[in-house]
Amino acid sequence: MVDQPLRSESERGRAVAGNEAARQWLLLLSVFVIATCGLIYELIAGTLASYLLGDSVTQFSTIIGTYLFAMGVGSWLSNKLDGNLLRWFVRIEILVGLVGGFSAPLLFVLFEYVVSFRLVLYTLVSMTGVLVGLEIPLLMRILEHRVAFRDLVSRVFTFDYIGALLASLIFPLVLVPMLGLVRTSLLFGLLNVGVAVWLLLRFPETRPFRTGLLTAAGMAAMLLLAGFVGAERIMSFAEAATYQSSVIYSKSTPYQRIVLTRNARDLRLFLNGNLQFSSADEYRYHEALVHPAMQANPTARRVLVLGGGDGLAVRELLRYPQIDSIQLVDLDPGMTRLFQENTLLTSLNKRSLLSPKVQVINDDAYGWVRSDTAHYDVVIVDFPDPSNYSIGKLYSTAFYRELARRLAPGGVVVVQSTSPFLARRSFWCVVHTMQAEGFQTLPYHAYVPSFGEWGFVLASLTDTPRPRTRNVPAGLRFIDANSLRRLRDFPPDMADIPTELNKLNNQALVQYFEEDWADAGQ
Amino acid sequence: MNRRRFIQTTALGLTAFTVPPLVPGCTTAGGSDSGTLSTGQNWSNVPGNLLGPNAKAGHWLRQTLAPATAVEPDIYDVVIVGGGISGLSARRWLWQKGVRNTLMLELETQPGGNSGSGKNDVSAFPWGAHYLPVPDARHAELIDFLRETGTITGCTANGTPIYNDYHLCHDPEERLFLDGRWQDGLIPNEGIPDADHQQITRFLALIETLKKAKGADGRDAFAIPLDRSSTDPAYRLLDTITMTEWLDQQGFTSTYLRWYVAYSCKDDYGTTPNQTSAWAGLHYFASRKGVGVDANGATLTSAVLTWPEGNGFLMNQLRQQADSPIRSQTIAYAIDLADPSAVRVSVNNVPTGKQTVIRARKVLLAVPQFVANRLLTTADPTRTATGFHYAPWVVVNLTVNALPQTAGKTLCWDNVLYGTESVGYVSANHQHLTDSPQRVLTIYRPLTGNDPAEVRRRAYHTTREEWLHQTMTELETAHPGLSAHIQQADVWVWGHGMISPTPGFIWGEARQKARQPVQARVYFAHSDLSGISIFEEAFSQGIRAVNAMLTGGGIAT
């Protein structure tokens, strides 16, 4: 069983023959541990990639492939290592512990902050793979003169595969549910470092380099432990930065911060952190915004859109071939350019902002409406909610007075006017404010799952608008002949209530909106 | 509620008359130790200028001046000296009365006086007066003027003026920074003891009574124009005591209330309650009886009218309502009444340095009295300016690319910091219809002190960097980090910012004597003749002087 004694200066080592057998078993036990750790790192990387990037088949497949290949590179590199092999092995254990152990927290945190997350992911997976690939060949070389080759191969691989089995079972059943990815990753990092420490203490021949490596291992263990204790913080930090989906675009323009996110279900646009639409249900909002107005003035040729730089309202307008021209006034060129150029977004708005009928004007809507002299058959007003005093001015009697001057005879205007359920007073304040400026109003609402119950005010200066119920364009998914009647019905919990008018010199709406949402938040 | 007022009439920039050896504008910026704030801000690196009334003209006036000899051929019906609000108001009134052969002389490149304004890429902004309270509907001339400016758009069936939404101050109007937090309104409210609340309530109730009070003669106790106030001694005797004495008499001891009253005196007159006539101090609160409705018919209470450029808007409207010539950069320096056929005004053209004589049938001096007396040294050596004191002011316009906020009420039009030297700042962008992170903040700072002449002298020796250091030390408490966001910082020093209504001045003799015409040929119009420096008074003084002139005869209308 023993071909040759260990080349040790220790006389006590040679004295006890039984010790040698114990050491070999200990080395084999460490094979078991490092095998478990190796597979765990691989599983963590695959799970994390699937979680953050979606498409688990692709992620697992590419991660496993990369990892195995990197292990191959590691095995090949083991050939280049000479000198004290035990020393190399201990060093590598500490490194695997650090790199593998911190892989999950690193990937979580960096996800929000790096340009190319995939580059970081595969670099980390490759590094771990290379280091893990070095372990087994190195260990076999350490044992090669102590154990017969056939026994060596048999034992090492037996422990290796048992470790793998254990890892693959405890990872989904015990570790992820109980510890989570970050703590699992750090725990196995600690195990790797533990193996290094244990080898250093058990093998007298490590004495010349023991102190240095023990210090290194101690520091690595402390780092990993600190991470383990602070894992909650790391996770909350990482998740606070994440919109639960992946951010595929973010940009700060002089006017606002534009963020686009995507997950398996939908694409979302946030302006200053407020959801503007979800691709899963935006058709409900935009069909409800545009078609009642168009049906109320079916011969409309000239249309004005205020706000709505995403081009989604314009997409609905372009279903009416009789429209000759659409003026779209949106403050932010960053926004309209994005929805003219980004292919993901132009496929959503059907390239509406590139239509020859559409003229995009990047200007402040209030000033533009005040100085404009043209008249419009339909005006679509799609401003952000009145959450501050400067937006509140765009919902004032003074603004609606200006708007009234822009309407052609028989012209209609529709205003997005917040939620009549969540912000009931705000909604009716908009209705009353428009009425005070001589508008005959037709309030209505639609259910948009990502927003909730949402309100609109259709209005005209001559008569209460009467949208036709036949002849809605083909291909609509939400508005049909019957829906218009349904949308006009306000159940008691959303019914009209008295409010003040919103004026520049009282800004009643901003107060209502703030209070309504504070109440809704509770 | 009670609003800031500021000087609306011109001081014509002739501060140099009383300011040897250094005149404003001569000081050079930079090089001061206090130009560095503790935050490490070096103010001389921040773009901007130290501005003020015309310095070149000031220098020129300090030499010995002989009357000019070159006589210009034209003879005007009226020459108006001074292009502030009272002068522009007189020019408009003459034009409306059909007297159109007039000439206005203005020292600066543009008329406007303390209603001057500036403009940059971010906003227009005031250099002085910046608002007008909705006026008493009985002030017919002013109501007519506001109709011409489009500020009043019509009348209700019962004759109440309807005000333009764009000219009425937008919501939110005012806030106070107290104990680390912005609260709504300017009267200390949140977190102050009950005893103080009770005194404030009692004070406000008393003001309500005074607003409605009428004297034995049936006139309002406190009116605008103030010459329409009651002659009843029950009220006029208030002019003989100081505001501090009045507060003591009434048992108003609350620190918060007394701060608020002191703030109001400083804000309106540039004086402390110790220096202010109690009649004037109360007039600030009790004279605002504006009546009007907004475009939707809602009654306006204590509303004010304001514009990004402040009263520069009203000034330009006044100016545009007459077509008679204005000769700018021209200093009148002597008036000669020896020629019975025409008053001779010696003038100096600042750019060319040439002196000429301009002849007129009548001359209207729309300048402060210390300037008027200088012009009349030979013609009427008996005139004095005893009792006329003027408060110096500093106005800072900061262009910022962000405004770091502290807790509480959001940015308002008028923003006041409790317990500071300044009387706060207005956001010039407030009346804009679109928000922008870039703003212009106009900070007002009256320079109070026991000896205004000494304070003025010190002010002329203060560098822009020192003014900015003082201003930002205060502002940083409410806007930490603001210094780093300043893109431009201009400072304007008004040596004779506004007339001070010191005790005895409003209802004493000096005011009445100073407005008496000289030989029915030289007339006077300036807000210092009212004793308080507000737009309404300057506007009325111009009209009063013209009416007196036309009654005096000699001009065909």
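Since every read-out is calculated from the coordinates, none of them should be taken as a lab result. Owing to the predicted nature of the structure, the values given are computational and were not obtained by experimental measurement. Because the Cβ atoms are built from the backbone with ideal geometry, glycine has one as well, and the counts that use them run over all protein chains shown.
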Looking at the square roots a ≥ b ≥ c of the eigenvalues of the Cα gyration tensor of segment A:11-240, which shape do they give, rounded for a/c under 1.5, prolate if a/b is larger than b/c, or oblate?
prolate
Please report the base-10 log of the normalised intensity I(q)/I(0) for chain A, using a Debye sum with one equal scatterer per alpha carbon and no solvent, at each q in 0.07, 0.10 (1/Å).
-0.57, -0.81
Charge dipole of the protein assembly as shown built from unit charges on the beta carbon (Lys, Arg +1; Asp, Glu -1), centred at mean Cα; most positive-end Cα among A:Ser50, B:Gln405, B:Thr551 is B:Thr551
With x for Gly and Pro, the residue-by-residue ³J(HN,Hα) of segment B:107-122, computed from phi through the Karplus equation 6.51 cos²θ - 1.76 cosθ + 1.60 at θ = phi - 60° and given in whole Hz, is 5, 7, 6, 10, x, x, x, 6, 8, x, 8, x, 7, 9, 4, 8
Would you mind checking which residues have amide H under 5 Å from A:Ile361's amide H? H placed 1.01 Å from N; only 5 or more apart, or other chain.
A:Leu328, A:Val329, A:Asp330
Rounded to the nearest 10 degrees, the helix A:424-436 long axis (Cα) sits at an angle to the longest Cα principal axis of chain A of 30
Inter-site label distance for A:Tyr161 and A:Arg466 at 7 Å from Cα along Cβ, in nm:
8.3
Collect residues whose amide H, placed 1.01 Å from N in the peptide plane, falls under 5 Å from the amide H of B:Asp232; neighbours closer than 5 in sequence don't count.
B:Ala216, B:Asp217
Return, for the Cα atoms of segment A:278-521, the radius of gyration and Dmax in Å, separated by a comma.
16.6, 46
Could you point to the residue in B:Gln199, A:Phe478, B:Thr102 farthest towards the positive end of the protein assembly as shown's charge dipole, with +1 and -1 charges on the Cβ of Lys/Arg and Asp/Glu respectively?
B:Thr102
In terms of modelled amide H atoms, which long-range or inter-chain residues lie less than 5 Å from the amide H of A:Ser417?
A:Gly455, A:Phe456, A:Val457
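Excluding B:Leu468 itself, what net charge comes from residues whose Cβ is under 12 Å from its Cβ, given Lys and Arg +1 and Asp and Glu -1?
Around B:Leu468, the surrounding residues sum to -3.
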Other chains near A:503-514: what is the mean number of their Cβ atoms within 10 Å of each residue's Cβ?
4
Of A:Leu224, A:Pro177, A:Gly212, which is farthest on the positive side of the dipole of segment A:11-240, counting Cα position, with +1 on Lys and Arg Cβ, -1 on Asp and Glu Cβ, and the Cα centre as origin?
A:Gly212
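Length gain on complete extension for the stretch B:Val455 to B:Leu204, per 0.36 nm per residue less the alpha carbon to alpha carbon distance?
Between B:Val455 and B:Leu204, full extension yields 87.0 nm more.
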With +1 assigned to the C-beta of every Lys and Arg and -1 to the C-beta of every Asp and Glu, and no other charges, what is the dipole magnitude of segment A:366-472 about the Cα centre in debye, to the nearest 20?
140
Average the reciprocal distances over every distinct pair of alpha-carbons in segment B:184-264, invert the result, and give the Kirkwood radius in Å.
14.1
Share of Cα-Cα pairs in the protein assembly as shown beyond 57 Å, in percent?
38
Theoretical FRET efficiency, 1/(1+(r/R0)^6), r = Cβ-Cβ of A:Leu26 and A:Thr123, R0 41 Å, to 0.05:
0.75
For segment A:446-519, which trypsin sites (Lys or Arg not before Pro) are both in a DSSP coil and crowded by at most 10 other Cβ atoms within 10 Å?
A:Arg470, A:Arg477
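What is the calculated FRET efficiency for A:Leu344 to A:Ala474, with r their C-beta to C-beta distance and R₀ = 22 Å, to the nearest 0.05?
Working: r = 25 Å, r/R0 = 1.16.
Working from the Cβ atoms, E equals 0.30.
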Nitroxide proxy distance, nm - points 7 Å out along Cα→Cβ at B:Asp74 and A:Ala226
8.4
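Report the charge-dipole magnitude of segment A:278-521 in Debye, nearest 20, computed about the Cα centre from +1 at each Lys and Arg Cβ and -1 at each Asp and Glu Cβ.
940
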What number, rounded to the nearest 500 deg cm²/dmol, is the helix-based mean residue ellipticity at 222 nm of chain B, given -39500 (n - 2.57) per DSSP H run of at least four residues and division by all its residues?
-7500 deg cm²/dmol
Mind giving me the nanometre distance, one decimal, between the label points for B:Gln110 and B:Gln519, set 7 Å out from Cα along Cα→Cβ?
3.8
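Using a cut-off of 10 Å between beta-carbons, work out the net charge of the residues near A:Leu27 (Lys and Arg +1, Asp and Glu -1, A:Leu27 not included). Let's see the in-between values first.
On the way: positive: A:Arg23, A:Arg146, A:Arg155, A:Arg202; negative: none.
For residues surrounding A:Leu27, the net value is +4.
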In degrees rounded to 10, the 0-90 angle between helix A:85-101 Cα long axis and the longest Cα principal axis of chain A is 20
Over the Cα atoms of chain B, what Rg and Dmax result, in angstrom?
23.0, 72
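Report the net charge of residues surrounding B:Pro47, where surrounding means a beta-carbon distance below 15 angstrom and charges are Lys +1, Arg +1, Asp -1, Glu -1.
Local net charge: -2.
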Hey, got the dipole for chain A? About the Cα centre, +1 on K and R Cβ, -1 on D and E Cβ, debye to the nearest 20?
840
